[in-house]
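The values are calculated or read from the model by the stated rules, or taken from the named source; none is laboratory data. Keep in mind it's a predicted model, so treat the numbers as computed, not measured. Here Cβ is always computed from backbone atoms with ideal geometry, including for glycine, and neighbour counts include all displayed protein chains. To get the accessible areas, we keep the full protein, side chains included, count just its heavy atoms, and leave off ligands, DNA and RNA. Shrake-Rupley method; radii C 1.70, N 1.55, O 1.52, S 1.80 Å.
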Amino acid sequence: MALLTKQSVGCTAAPLRHKPQRLPSVAVRCAAATEQSVLKVSRNENFGKLQAGYLFPEIARRRRAHQEAHPDAQIISLGIGDTTEPLPQYIADAMAKAAAGLGTREGYSGYGAEQGQGALREALASTFYPGMVAADEVFVSDGSKCDISRLQVMFGADKSIAAQDPSYPVYVDTTVMMGNTGTHNGTGFDGIEYMVCTPENNFFPDLAKTKRTDIIFFCSPNNPTGAAATRDQLKQLVKFARDNGSLLVYDAAYALYISNPDCPKTIYDIEGADEIAIETCSFSKYAGFTGVRLGWTVVPKKLRYADGSSVHADWNRMMTTCFNGASNIVQAGGLACLQPEGLKEMYGLINFYKENATILKNTFQEMGFSVYGGEDAPYVWVGFPGKPSWDVFAEILEKCNIVTTPGSGFGPAGEGFVRASAFGSRDNIMEAVRRFKEVYGKQ
């Protein structure tokens, strides 16, 4: 739901006045619009519905512009959720050993199973889903974002979609790309069921007012709000999906950040979920694999389409057709993550970022802001009532030289909030705190 304004390939844009609910609109000058194309291929019209670029590249563009205007500024990024700390040594060593092994006759390997190495699939199932999921129901991949896109292709272009609002922009943007929405109506896309999650409903949608859809995208802990759903809430969600015959795509990318014992770390902790839910997860925010790229998706064999055909079989076909498998070097790192020493290092990294989140949350609370998240997730959700999110983003960047993420970029219900990421070095987090207090502590 990166709501930007439409820009065409080959067009230049001049900024205009900011409008709430969207990024600043642009005046489009298409100098090349009259040029004849060699191609006789029509564009996928659904890309024209998108409000131009994806959220985080737009943030990066604005950061670059600010840096160019203020070349001496020391910008701190609390924006995109990118990890900053070095890979844990045990895990890095495992990948280095695997890479070195490829240079030997005995250690070389070529193509592997597209679904993932058997040892890694076994380890994922036994570590995160003991007694709940079989190893052959776990599909190793290059990350949750990629799997969400592949799931959309598998579901097809004739499905209705519901998504939390606010939520990770990929759910909505890929739905638009697939042609499963109408046009943007100034607030959101027609045809998407936005499940509003705000402080007023404790960041859990009113399911009694939610229309039935084919697919439900749900993330817990939620990105961007940091709210983790309780066991009772997830029971309601599973019952809602079962009663409506909906398929739930459950994004658990931040599950290991959960501290609250009443908040399950997997949807399969809920009875009946294995008949309606796919779960996707990733090592990105656990082990610092944002650039390394390794994730997995669980597709239970009990999942059946309306005609009785197997969702698991279709996903297997999808992966073997459209994916050649994760890097064998990276999978060695993933397997190391799940060994006792690797788990210890991985949880140490998670706890480091959780401490950062606590520091940020306490800082905003001390300054009198309404603050959410930061306990079961690496994100802090800060309210600026009555202020458009992109205006707040610009103000913080201008006055503090700090990059945040505007809440409206995650959906209409995110307006009036910004997200601060806990991914950063401790020195940068403390410097950000100092700058925040200097600008906002006297209000």
| request: Compute the accessible area per residue over the range 181-255, keeping the other protein chains in place, probe 1.4 Å, unit Å². | output: 37 Å²
| Using a simple charge model, +1 on the beta-carbon of Lys and Arg, -1 on the beta-carbon of Asp and Glu, nothing else, what dipole does the chain show about its Cα centre, in debye to the nearest 20? | 960 debye
| If we sort 106-119, 335-348, 417-430 on the protection proxy, mean other Cβ atoms within 10 Å, highest first, what's the order? | 417-430, 335-348, 106-119
| Probe 1.4 Å - accessible area at Lys437, Å² to nearest ten | 90 Å²
| note | Heavy-atom accessible area per residue of the range 48-131, all protein chains kept, 1.4 Å probe, expressed in Å², is 56 Å²
| Solvent-accessible area per residue, Å², over the range 291-368 with all protein chains present [probe radius 1.4 Å] | 43 Å²
| field | Heavy-atom accessible surface of the chain: percent carbon and sulfur, 1.4 Å | value | 51 percent
| message | At 222 nm, what value in deg cm²/dmol follows for the chain if DSSP H runs of at least 4 each add -39500 (n - 2.57) and the sum is divided by all its residues, to the nearest 500? | response | -11000 deg cm²/dmol
| At 1.002 mPa s and 20 °C, Stokes D of the range 85-176 from Kirkwood alpha-carbon radius, µm² per second | 129 µm²/s
| Taking one equal scatterer on every alpha-carbon of the range 154-310, how large is log10 of I(q)/I(0) by Debye at q = 0.10, 0.12, 0.15 1/Å? | -0.35, -0.51, -0.82
| Among bridges DSSP assigns within the chain, what percent are antiparallel (round to 5)? | 55 percent
| field | Set Lys49/Lys437; Lys211/Lys399; Lys235/Lys354; Lys159/Lys235; Lys40/Lys159; Lys235/Lys285 screened for pairs whose C-alpha atoms are more than 32 Å apart | value | Lys49/Lys437; Lys211/Lys399
